[in-house]
Amino acid sequence: MRCVIGPLLALFALASSPAVAQEPPPPPIGPFVIDLHGTFPRFPSDSSQLALSRGLSVAQLPGSGLGIQVGAHLYFLRVKAITFGVGAEVATGRSSQTPDPTSTLAPTEEHFSTFSPQLSFNFGNGHGWSYLSGGLGRANWAIVPVGAEKGPADLEVLKTLNYGGGARWFAKPHLAFSLDVRIYVISPGTPYFEGALGGPRTNLLVIGAGISVK
C-alpha cells in the first residue's frame, strides 16, 4: 500500500506545483503614460487650391517635413479586453521649399501646430499595448514666403479632427518604444475676399516614433 500511496503523493505534488509556481499576472495598462515622438508630417505638395489660398504657386508648396508630438494619457476604466483612456496631444511640424534657382519663385516655409483632447481604446497589458484614439481640436497652418508677413489664411485657427492608432512596447518597467500613425482632418479655410479661394479640407498624414514613459 505504501508503494502505491508514495508515488501518488509525489505525482499530486508535481501536478499542483505549477499552480504555486505560476508567474504573477501582467500589470494592467496605465495608470498614465507620457509620449514624446519625432514625426514626419506628409504636407501636400500638389494642391492647387492650397497654393492659391496663400497666393503661391504649386511649385512653392514645401511637401513633407519634420515635427514633434507630445501627449499625456490617463487610464481610468477597463471593460473586458478594452481599457479606456483620456488625454491630450500637442503636435507641431515644419517644412521648407527652395524652388529652382532659375525661377523667380520665392522660397517658402510651412508650419503646422495643433492641440486636441483625445479618447483612446487600448488593448493589451502593462508590458505593452496597442490603441485606437481620436479627438477634436484646433490647428493653425501657415505657408509663407521666406521673410514675408503671414496672411489671413496663415493666421486662421481651424477646427481639426484627428484619428489614428499605434502601440507601446515596454522593454523596461517605465520606458517604452512607441509608434503613432495619425490623420488630421483640417477644416476648409475661410475665403477672405470675394472670388478668393479658402484653404481646402485636407487629410494630413503624420507618422511618429519615439519613447513613452509611465
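The values are calculated or read from the model by the stated rules, or taken from the named source; none is laboratory data. All of these numbers come straight from a predicted model, not from anything done at the bench. Glycine also receives a Cβ, built like all others from the backbone with ideal geometry; neighbour counts cover every protein chain displayed. Only protein heavy atoms, including side chains, enter the accessible area calculation; ligands, DNA and RNA are left aside. Shrake-Rupley method; radii C 1.70, N 1.55, O 1.52, S 1.80 Å.
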Residue within the stretch 187-201 that is at pLDDT 95 or above and within 15 Å of the chain's Cα centre (by Cα) present: no
Members of the stretch 83-96 found to be open to solvent by 60 Å² or more (accessible area, probe 1.4 Å), closer than 22 Å to G164 by Cα and not β-branched (V, I, T), listed by number: R94
Pull out all pairs, ordered by first then second residue, where Cβ-Cβ is under 8 Å, the residues are six or more apart or on different chains, the first lies in the stretch 158-183 and is within 19 Å of L136 (Cβ to Cβ) and of a type in the set (D, E, K, R), and the second is modelled with pLDDT of 95 or more and assigned to a loop (DSSP other than H, G, I, E, B). K159/S187
Any idea which of V33, V70 is assigned to a strand (DSSP E or B) and without any contact (Cβ under 8 Å) to a residue 60 or more places away in the chain? V70
Exactly one of P117, P41 is at pLDDT 90 or above, open to solvent by less than 20 Å² (accessible area, probe 1.4 Å), touching a strand residue (DSSP E or B) at 6+ places or on another chain (Cβ under 8 Å) and assigned to a strand (DSSP E or B), and that one is P41
Of all residues making up the stretch 97-112, the number that are in a strand (DSSP E or B) and open to solvent by less than 80 Å² (accessible area, probe 1.4 Å): 5
I'd like the full set of residues that are of a type in the set (K, R) and open to solvent by 60 Å² or more (accessible area, probe 1.4 Å), limited to the stretch 47-82. R78, K80
I'm trying to understand the selection: among the residues of the stretch 157-198, which are farther than 14 Å from F115 by Cα, part of a strand (DSSP E or B) and either of a type in the set (D, E, K, R) or out of contact with any strand residue (DSSP E or B) (no Cβ under 9 Å at 6 or more places or on another chain) (or both)? R168, K172, D180
Across the stretch 155-203, what is the number of residues that are closer than 23 Å to Y131 by Cβ and either open to solvent by 70 Å² or more (accessible area, probe 1.4 Å) or small (G, A, S) (or both)? 16
For the structure I just gave you, tell me whether V33 is among the β-branched types (V, I, T), in contact with a helix residue (DSSP H, G or I) (Cβ under 6 Å, 6 or more places away or on another chain) and surrounded by 14 or more Cβ atoms within 10 Å (Cβ to Cβ). no
If you go through S212, S130, the only one that is in a strand (DSSP E or B) and free of Cβ contacts under 8 Å to residues at least 60 places away in the same chain is S130
For V70, only one of the following conditions fails: (1) more than 23 Å from I207 (Cα to Cα); (2) modelled with pLDDT of 95 or more. What is its number? (1)
Within the stretch 120-143, how many residues are crowded, with 20+ Cβ neighbours inside 10 Å and touching a Lys or Arg at 6+ places or on another chain (Cβ under 7 Å)? 2
Of the residues P7, P31, which single one is at pLDDT below 90 and not aliphatic (A, V, I, L, M)? P7
